[in-house]
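Below is one structure; the comments refer to it alone.
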Amino acid sequence: MLSPDQFHRFRPRLLDALSGYDRSRFLADLGAGLTVGIVALPLAMAFAIASGVKPEQGIFTAIIAGFLISALGGSHVQIGGPAGAFIVIVYGIVQRYGLANLLIATSLAGVLLMVMGWLKLGALVRYIPVSIVIGFTNGIAVLIGLSQLKDLFGLRIDQMPADFFGQVGALAAHADSFNVSALGVGLACLAIVVLWPKGYTMPEAHQGWRSTLRRLVSHLPGTVVALVAATVAVRMLNLPIETIGSRFGGIPQALPAFALPEFSWQTVRLLVIPTFTIALLGAIESLLCARVADNMTPQFQRHDPNQELIAQGAANFVAPFFGGIPATGTIARTVTNVRAGATSPVAGIVHALTLLAIVLVAAPLALHVPLAALAGILMFVAWNMGEWHEFARLKHFMLPYRVVLVGTFLLTVVFDLTVAVEVGLLLACGFFIYRMSQLFRVQPHPKHTDSGELPPGVMVFELFGSLFFGAVGKIETLPEQIPEGTRAVVLEMHRLISMDTSGLDAIRQLYRTLRRQGIAVVLANVNEQPLSLIRRSGFADELGVDQIVPTVSDAHL
């Protein structure tokens, strides 16, 4: 039976943050929340469109999931909502299973995330090797950039395939429908977003009037400037470019009503892999983002990973009932929130309410937003998302690291995230087992072999490292190293750190092999963990308790 202490105690970080909360902190959170809300608007629409759903679904996700993640989460400053990392995953699920099944898979993933947090599994996500995280992150960034080429070049493709080669083929087949106006608008938006001053890169200290001016300008997000400028230019010049209105008919000026997606157990059985994919990616992205926020805010208490998973789960469980898509912690918006002066989860709640106010007041204005502008913004997101310098640094690392990173990257691009992470973990585990097996050594003890301290016919072998299933081969070949005339073998185990049941079985088989040859076996200086296993397994009784001695000198030979 599991005790209550083995389960996570539900306590949102908001409750701790409100202790001693005052007017000055509220004003700081209000300003940060308004800033992040404005930043989140174009990103939420862009992520939704790139994912193959309507733009309002991204905004609804940012409102509902963003509110719940801040209100229930384990971080002071993390901002939740639709994320670029989910674009490829969501698009593939929509293409293969349909929108209704995406909503079901998202809710099921929410349940899985809550269970993970409740069982205190938040720390396990940190055990995923960094090479795998970099590999699939860069792979997703490539796929996001590829998916935006259609709108960036204004190509007339009715439906983009979900797979990499299908997308490349579709882009090549429709290259003749290239729209120079769309490309110009998209590249202009990309240039604005890249060159526009960003608040989170501003120096802390003032450095003259130019620095002050850049600081003031940076409070206006470059994505919003690009979106407004592109919309005005397209309207004034009457450019033949597809807009949100022409493709989706605009954005409703209200939140959607609660609705249950069509549910059946037969469908759920088909959604096991999508559900685990959404949950895994959501957990990894949210906890990575929370760790980034911790490094930026040392004055705050570090995030609670289990509480964060519960909040992510609640957000992903609830949002689909209002048409929402998967949500997670978002690094760009969280960094913006921190640099804007946020002091508590109240800023994230204000960010969600800001988006709600924009939808209720200004939704019709989105009708004329050109899709090429959103594509340009997402190209910047994709570039920022990838850690491209890691490819250049590969030459400094050993072969296992390179194979895992590059393999995960290629599998993410060519197949999907689930396959990439599964294979990446298998490769990482295989290399780890090989490395650990190389660290284990069995060698003759020079002191007792050469100095003649022991009687003739006695050999002493030292065991180093960890004796586990990957290293038992070195024990199995030990009888071949024993010369004729040997009457006793002493295994000096002071430097044997640990031993698993496979290692124990190898020692037992060695004992039985040598016993048939009339050679006694003695274990000397055995550490606590191996000794406990030897006794619990009954091998101590089989060997004889007098054959387990404190030191080699105590052996009765």
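The values are calculated or read from the model by the stated rules, or taken from the named source; none is laboratory data. Because the structure is predicted, anything quoted here is derived from the model rather than measured. So basically every Cβ, Gly included, is an ideal-geometry build from the backbone, and we count neighbours across all protein chains shown. Only protein heavy atoms, including side chains, enter the accessible area calculation; ligands, DNA and RNA are left aside. Shrake-Rupley method; radii C 1.70, N 1.55, O 1.52, S 1.80 Å.
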Inset, instruction - Check whether at least one residue in segment 415-428 is within 30 Å of A162 (Cα to Cα), within 34 Å of the chain's Cα centre (by Cα), modelled with pLDDT of 90 or more and loosely packed, with under 14 Cβ neighbours inside 10 Å, and report yes or no. - result: yes
Legend entry - Residue match in segment 304-323 (condition: in contact with a Phe, Trp or Tyr (Cβ under 9 Å, 6 or more places away or on another chain), in contact (Cβ under 8 Å) with a residue 24 or more places away in the chain and charged (D, E, K, R)): no
Inset, instruction - Name every residue in segment 143-156 that is within 32 Å of the chain's Cα centre (by Cα) and open to solvent by 30 Å² or more (accessible area, probe 1.4 Å), in order of residue number. - result: L149, F153
Legend entry - Single condition A71 does not satisfy, out of (1) in a helix (DSSP H, G or I); (2) surrounded by 24 or more Cβ atoms within 10 Å (Cβ to Cβ): (2)
Legend entry - Looking only at segment 110-124, and only at residues there that are surrounded by 19 or more Cβ atoms within 10 Å (Cβ to Cβ) and aliphatic (A, V, I, L, M), the one that is nearest to P274 (Cα to Cα): L112
Inset, instruction - Could you tell me whether G250 is at pLDDT below 90, at positive phi and surrounded by 12 or more Cβ atoms within 10 Å (Cβ to Cβ)? - result: yes
Inset, instruction - Within segment 157-180, track down each residue that is more than 32 Å from the chain's Cα centre (by Cα), at pLDDT 90 or above and either open to solvent by 30 Å² or more (accessible area, probe 1.4 Å) or of a type in the set (F, W, Y) (or both). - result: A172, A173, H174, A175, D176, F178, N179, V180
Legend entry - Options A332, A342, A362: the member that is part of a helix (DSSP H, G or I), of a type in the set (G, A, S) and open to solvent by less than 50 Å² (accessible area, probe 1.4 Å): A362
Legend entry - Members of segment 34-49 found to be at pLDDT 90 or above, open to solvent by 10 Å² or more (accessible area, probe 1.4 Å) and in contact with a Ser or Thr (Cβ under 6 Å, 6 or more places away or on another chain), listed by number: L34
Legend entry - The one condition in (1) out of contact with any Asp or Glu (no Cβ under 7 Å at 6 or more places or on another chain); (2) outside any helix (DSSP H, G or I); (3) not acidic (D, E) that L510 fails to fulfil: (2)
Inset, instruction - Among what's in segment 94-109 and is open to solvent by less than 10 Å² (accessible area, probe 1.4 Å) and under 26 Å from I377 (Cα atoms), pick the residue that is modelled with the lowest pLDDT. - result: L102
Legend entry - Count of residues meeting criterion [part of a helix (DSSP H, G or I) and open to solvent by 10 Å² or more (accessible area, probe 1.4 Å)] in segment 365-399: 19
Legend entry - Count of residues meeting criterion [in contact with a Gly (Cβ under 8 Å, 6 or more places away or on another chain) and either surrounded by fewer than 16 Cβ atoms within 10 Å (Cβ to Cβ) or not aromatic (F, W, Y) (or both)] in segment 400-409: 5
Legend entry - Positions within segment 457-506 being open to solvent by less than 30 Å² (accessible area, probe 1.4 Å), in a strand (DSSP E or B) and not hydrophobic (A, V, I, L, M, F, W, C), in sequence order: E462, G465, S466, E492
Legend entry - Residue list for segment 204-234, restricted to those being at pLDDT below 70 and open to solvent by less than 50 Å² (accessible area, probe 1.4 Å): G208
Legend entry - Looking only at segment 118-146, and only at residues there that are assigned to a loop (DSSP other than H, G, I, E, B) and in contact with a helix residue (DSSP H, G or I) (Cβ under 7 Å, 6 or more places away or on another chain), the one that is farthest from N384 (Cα to Cα): K120
Inset, instruction - Could you tell me which of the residues F317, F321 is touching a Pro at 6+ places or on another chain (Cβ under 9 Å), assigned to a helix (DSSP H, G or I) and of a type in the set (F, W, Y)? - result: F321
Inset, instruction - Under 7 Å between Cβ atoms, at least 6 apart or on separate chains: pull out the pairs that start in segment 126-137 with a residue that is aromatic (F, W, Y) and end on any residue that is crowded, with 22+ Cβ neighbours inside 10 Å and part of a helix (DSSP H, G or I). - result: F136/T408; F136/T412; F136/L417; F136/A420; F136/V421
Legend entry - Every residue from segment 147-171 that is aliphatic (A, V, I, L, M) and in a helix (DSSP H, G or I): L149, L152, V168, A170, L171
Legend entry - Among the candidates F276, F317, residue that is over 16 Å from the mean Cα position of the chain (by Cα) and either open to solvent by 10 Å² or more (accessible area, probe 1.4 Å) or under 21 Å from A46 (Cα atoms) (or both): F317
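A quick yes/no check of all residues on (1) outside any loop (DSSP other than H, G, I, E, B); (2) within 24 Å of V359 (Cα to Cα):
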residue	(1), (2)
Q253	no, yes
V268	yes, no
G282	yes, no
A290	yes, no
N295	yes, no
Q301	no, no
Inset, instruction - Report, by residue number, each residue of segment 32-61 that is among the polar types (S, T, N, Q) and within 21 Å of the chain's Cα centre (by Cα). - result: S51, T61
Legend entry - Counted residues, segment 518-546 - those being without any contact (Cβ under 8 Å) to a residue 12 or more places away in the chain and not charged (D, E, K, R): 5
